[in-house]
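Please treat every number below as a calculation from the coordinates, not as lab data. Being a predicted model, the structure only gives us computed values, none of them experimental. Every residue, glycine as well, gets a Cβ built from its backbone with ideal geometry; the counts of neighbours run over all protein chains shown.
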Amino acid sequence: MQYVQLMPQPAKPTRTKATPDAPESAAGSRAAAQRLKMRRELAAAAMELFATKGYEATTVDEIAAAAGVARRTFFRHFRSKEEAIFPDHDDTLVRAEAVLNAAPAHEHPLDTVCRGIKEVMRMYAASPAVSVERYRLTREVPTLREREIASVARYERLFTRYLLGHFDERDHHDGNDDPLLAEVAASAVVTAHNHVLRRWLRAGGQGDVESQLDHAFAIVRDAFGTGIGAGRAPQGERTGPAAVATRTSDDVLVTVARTDAPLDEVMRTIERALRG
């Protein structure tokens, strides 16, 4: 299995600007919060008009007026009216990428991806009523459905790039299926998320959606996790599976695990051995 050894990034040049970082960061955070607030207000106005007047009959001018802003303000935040009902995807994509970038070195890359996509589910779960109405609209309006598909594709590309980054894509030869498994696993994570999300939306946004998502991810992890490696260490530092369980008699089960093996993987190994 070929791992890509990440090279250290060169140090950033020393700042010469006299203004301290903290105020700049605080100002940036306030601007981002105000931007997201306006996007959500425009989205709420758009969805209310879509529900009462219909999507085709609603204009950008009407959406802006309902939100109490000028037409040019609308276009500073959205390029079209169909884009207005997905106000959080850009920010959620940034948060998901931040999860991937901050992942601990010992974490299995598929576990990291599963944590990243939870940011998407939390976006929907934060406003169940809005999410349910948006789901209804996307089912009825083909243009909105296409926009939703495009948004999902962005997440899938992000997670695929992350998983592929742990393997040498040039090392395609018989017996090395890592690049294939990485792409399939990323698609499986996104599919599992979308399946759980649709089921939750059809139930009116009721139920513990995060627990349902954890269950779906466990299925994906069992199917693909052991096939795409376990962590970021360069080749040679890790040999063999993370954990091996051997039954020495009907009453005794011996398990040997690496010290850096993820606990959930060790527990799954033991469970499989006990069931066998």
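Things to note:
- FRET E, pair residue 72, residue 214, Förster distance 45 Å, beta-carbon r, rounded to 0.05: 0.55
- Gyration tensor verdict on the stretch 19-112 (Cα atoms; rounded if a/c is under 1.5, prolate if a/b is larger than b/c, oblate otherwise): oblate
- Computed FRET value (nearest 0.05) for residue 33 with residue 157, which takes r as the C-beta separation and R₀ as 35 Å: 0.80
- Taking each residue as 0.36 nm, the span from residue 79 to residue 122 lengthens on full extension beyond its C-alpha to C-alpha distance by 13.0 nm.
- Nitroxide proxy distance, nm - points 7 Å out along Cα→Cβ at residue 195 and residue 149: 2.1
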